[in-house]
Amino acid sequence: MKSLVINYGVGNLYSISSSLSRTGFEVEISSIPKSGYDLIVFPGVGSFPAVSRYILRYRDILDDLYRSGIAFLGICIGMHILFEYSFEGGLNRGLGWFKGYVDKLRTSNKLPHIGWDKVFIANNSGTCSLGSLLDNEYVYFIHSYIVYPAEEDIVCLMSEYGAKFPAMIARGRVIGVQFHPEKSGKMGLKFLESIYRWLKR
């Protein structure tokens, strides 16, 4: 199984690349999205405005890859970019593969939300079943913004930090997670392993 980790030019990609390798993936890092891979990963580094400027330069290529059926995994900001737009740093466009938007988590708790929190199942059908092994398990978060999906059926896992929010979304061959699998220890690796097995079927 070959995976491509997209390098936006910001942040350290060693952790996610190492975690993917440990679960069986061959890993390449590239600043240019391209075909020939089983999984393309949008890593959880950077801010929405910076990632949006980068990603939208390759909008046509990414849309073609999306339509071709290649699997995508978006982590944190990498999940946010899958939606139509974000209010982080002003109004910025995303890829629009999922309907909805990104804004701050509406909570009275201190932001950013940093640390371990429990996730629980919201939907266990289709691609969402990949998240079922995480039900009532703790994973690692570091974020202030969340997705506000227009379609409830794409929400697979939820979590709570003064307010409930989507922790995993999925449809078809596109998966997004608010938590960081590469920082979530054993459960994060198990989640990446479940994606590996799903792609091998």
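The values are calculated or read from the model by the stated rules, or taken from the named source; none is laboratory data. Owing to the predicted nature of the structure, the values given are computational and were not obtained by experimental measurement. No Cβ is skipped: glycine too gets one built from the backbone with ideal geometry, and neighbour counts run over all protein chains shown.
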- Message: Quick check on VAL41: is it surrounded by 13 or more Cβ atoms within 10 Å (Cβ to Cβ), in a loop (DSSP other than H, G, I, E, B), within 17 Å of the chain's Cα centre (by Cα) and hydrophobic (A, V, I, L, M, F, W, C)?
- Response: no
- Message: Where the second residue is crowded, with 17+ Cβ neighbours inside 10 Å and part of a loop (DSSP other than H, G, I, E, B) and the first is of a type in the set (Phe, Trp, Tyr) and lies in the range 1-12, which pairs have Cβ atoms under 8 Å and are six or more apart or on separate chains?
- Response: TYR8/PRO43; TYR8/VAL45; TYR8/GLY46
- Identify, by number, the condition in (1) of a type in the set (A, V, I, L, M); (2) at pLDDT 95 or above; (3) buried (at least 19 other Cβ atoms within 10 Å of the Cβ) that ILE55 doesn't meet. (2)
- Checking GLU137, GLU182 in turn, the sole residue that is among the acidic types (Asp, Glu) and touching a strand residue (DSSP E or B) at 6+ places or on another chain (Cβ under 7 Å) turns out to be GLU137
- For the range 16-38, the count of residues that are in a helix (DSSP H, G or I) and modelled with pLDDT under 95 equals 0
- Note on the structure: Over the range 159-170, the set of residues surrounded by fewer than 18 Cβ atoms within 10 Å (Cβ to Cβ) and assigned to a strand (DSSP E or B) is GLU160, LYS164
- Exclusive hit being under 26 Å from GLU26 (Cβ atoms) and out of contact with any Leu (no Cβ under 6 Å at 6 or more places or on another chain), set SER129, SER159, SER194: SER129
- Among the candidates GLY78, GLY126, GLY96, GLY100, single out the residue that is under 21 Å from ILE154 (Cα atoms) and without any contact (Cβ under 8 Å) to a residue 24 or more places away in the chain. GLY96
- Message: Against the condition in contact (Cβ under 8 Å) with a residue 40 or more places away in the chain and under 19 Å from GLY131 (Cβ atoms), how does PHE83 come out, does it pass?
- Response: yes
- Just checking, which of PHE179, PHE191 is touching a residue at least 60 places away in the same chain (Cβ under 8 Å), part of a loop (DSSP other than H, G, I, E, B) and not hydroxyl-bearing (Ser, Thr, Tyr)? PHE179
- Query: Is it fair to say ILE61 is out of contact with any strand residue (DSSP E or B) (no Cβ under 8 Å at 6 or more places or on another chain) and farther than 18 Å from TYR145 by Cα?
  - Reply: yes
- Among the candidates ILE154, ILE169, residue that is of a type in the set (A, V, I, L, M, F, W, C) and touching a residue at least 60 places away in the same chain (Cβ under 8 Å): ILE169
- Item | From the options SER125, SER68, residue that is polar (S, T, N, Q) and more than 20 Å from PRO149 (Cα to Cα) | SER68
- Note on the structure: Exception for SER132 within (1) touching a residue at least 40 places away in the same chain (Cβ under 8 Å); (2) farther than 22 Å from ILE6 by Cα falls at (1)
- Task: Sort through LEU105, LEU91 and tell me the only one that's without any contact (Cβ under 8 Å) to a residue 24 or more places away in the chain and of a type outside the set (S, T, N, Q).
- Result: LEU91
